[in-house]
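Reading through the structure tokens given below for one structure.
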Amino acid sequence: MTDQPDTKGPLDEFFCFSIYSTGLALNRFYKPLLDRLGLTYLQYLLLVVLRAQDDQTVSGIGEQLYLESSTLTPLIKRMESAGHVIRRRDTKDERVVRVSLTEEGRKLAQEATCIPGEALEAIGIPLEKLRETEAGFKTLRDAMFKSAKTAS
């Protein structure tokens, strides 16, 4: 597989493919940064979310990460097996599962705080340009989620 095709192909006309392939590139880009911490990209995002606010519900985490429980539950279980998080039933409503960082998870989340700076430096695109791109992606994401909700 090549890093980037030299010629235009039929998929270059599809904005959805540009976004899809950017997602693939993002995962490839982050892999070496996260490998040294023993994390996948989704595991890293889970740590970021829990570092910002610990002891969250599984459904609340899922909303922030835009993940269905069928993807999120195995992710949390793997992080629990690795000793980074703990799951427990909510004391007020036993149907609710809460997730918290362990001491080891807090240390790993702290180690991972260098990742955004390293990524920004490695990409080599000015922060202002990245912020503009990010705003465009968020606008598109929100519009698509809104459209999907009204269609269902």
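The values are calculated or read from the model by the stated rules, or taken from the named source; none is laboratory data. Everything numeric here is computed off the predicted structure, so don't read it as measured data. Cβ coordinates were reconstructed from backbone atoms using ideal geometry, including for glycine residues, and neighbour counts include every protein chain displayed. Heavy atoms of the whole protein, side chains included, go into the accessibility calculation; ligands, DNA and RNA do not. Shrake-Rupley method; radii C 1.70, N 1.55, O 1.52, S 1.80 Å.
Considering only region 66-75, I want to know if a residue exists there that is at pLDDT 95 or above, open to solvent by less than 40 Å² (accessible area, probe 1.4 Å), part of a loop (DSSP other than H, G, I, E, B) and closer than 30 Å to Phe15 by Cβ. Yes, region 66-75 has at least one match. Within region 40-47, can one find any residue that is crowded, with 16+ Cβ neighbours inside 10 Å and touching a residue at least 60 places away in the same chain (Cβ under 8 Å)? Yes. Can we say Phe29 is over 30 Å from Val96 (Cα atoms), of a type in the set (A, V, I, L, M, F, W, C) and open to solvent by 100 Å² or more (accessible area, probe 1.4 Å)? No; evaluated as a whole, the condition is false for this residue.
For region 88-104, the set of residues classified as among the charged types (D, E, K, R) and open to solvent by 80 Å² or more (accessible area, probe 1.4 Å) consists of Arg88, Arg89, Lys92, Glu94, Arg95, Glu103, Glu104, listed by residue number.
Each row is one residue, and each column tells you yes or no for (1) among the hydroxyl-bearing types (Ser, Thr, Tyr); (2) under 28 Å from Lys138 (Cβ atoms); (3) open to solvent by 60 Å² or more (accessible area, probe 1.4 Å).
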residue	(1), (2), (3)
Cys16	no, yes, yes
Tyr20	yes, yes, yes
Asp55	no, yes, no
Ile86	no, no, yes
Arg106	no, no, yes
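Any residue at all in region 115-124 that's assigned to a loop (DSSP other than H, G, I, E, B), within 29 Å of Arg36 (Cβ to Cβ) and out of contact with any Gly (no Cβ under 6 Å at 6 or more places or on another chain)? Working first, answer last.
Taking region 115-124 as the starting set, the residues that turn out to be assigned to a loop (DSSP other than H, G, I, E, B) are 124.
With the extra rule that they be within 29 Å of Arg36 (Cβ to Cβ), the set shrinks to 124.
Pick out the ones that are also out of contact with any Gly (no Cβ under 6 Å at 6 or more places or on another chain) and you get 124.
Yes, because at least one residue in region 115-124 is assigned to a loop (DSSP other than H, G, I, E, B), within 29 Å of Arg36 (Cβ to Cβ) and out of contact with any Gly (no Cβ under 6 Å at 6 or more places or on another chain).
The single residue among Lys107, Lys138 that is in a helix (DSSP H, G or I), within 28 Å of Arg36 (Cα to Cα) and not acidic (Asp, Glu) turns out to be Lys107. All conditions but one from (1) part of a loop (DSSP other than H, G, I, E, B); (2) open to solvent by 50 Å² or more (accessible area, probe 1.4 Å) apply to Glu80; the one that does not is (1).
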